[in-house]
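What follows is calculated from the coordinates using simple rules that are stated; it is not laboratory data. As the structure is a prediction and not an experimental result, all values here were calculated from the model. When we count neighbours, we look across all protein chains shown, and the Cβ atoms used for this are built from the backbone with ideal geometry, even at glycine.
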């Protein structure tokens, strides 16, 4: 009788511990989803601003169509990568976009009228702010991914993670030169 009570007590404790571990895994998985959603909102906002920037520049930069097209194509690649939620593709697409924006803002120096255009200055500031916010959110996302990936790989959580299909997520990496170009708008402030 006492042995049966002890056995039931141990089973109840083990079950309670499993529930706590499972809930912990759900919490860290949802933290990754929330962190990604924060990045996704900023990427959408920047996605909406880029055509306005290109249109504003196009009015002044008649001979720089290749650079403007490169920005638009890179914008499309970022949108595709964002939709597929492939962090490797997103990192590469972000690199191309940042490179294109860096080239675009470098060319602005040759167009003083554009450089002083209020719409251009607003969009430049807005995109620069979004770039900074994306960098901040990327760090938060990568922290959340790291916590998730460690949680599902360590014992005893892995005993629940594998059977219930908890998975590792990819970190979002930008190359060193991509990070350097993140502050594109600050170079040309008057």
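Across segment 74-95, what is the total count of residues that are surrounded by fewer than 18 Cβ atoms within 10 Å (Cβ to Cβ), in contact (Cβ under 8 Å) with a residue 24 or more places away in the chain and part of a helix (DSSP H, G or I)?
2
Within segment 136-150, is even one residue crowded, with 20+ Cβ neighbours inside 10 Å and without any contact (Cβ under 8 Å) to a residue 60 or more places away in the chain?
Scanning segment 136-150, I find no residue that is crowded, with 20+ Cβ neighbours inside 10 Å and without any contact (Cβ under 8 Å) to a residue 60 or more places away in the chain, so the answer is no.
Of the residues that make up segment 52-68, is at least one closer than 27 Å to residue 143 by Cα and crowded, with 19+ Cβ neighbours inside 10 Å?
no
Suppose we filter 15, 68 for residues that are over 30 Å from residue 162 (Cα atoms) and either assigned to a helix (DSSP H, G or I) or out of contact with any helix residue (DSSP H, G or I) (no Cβ under 8 Å at 6 or more places or on another chain) (or both); which single one remains?
68
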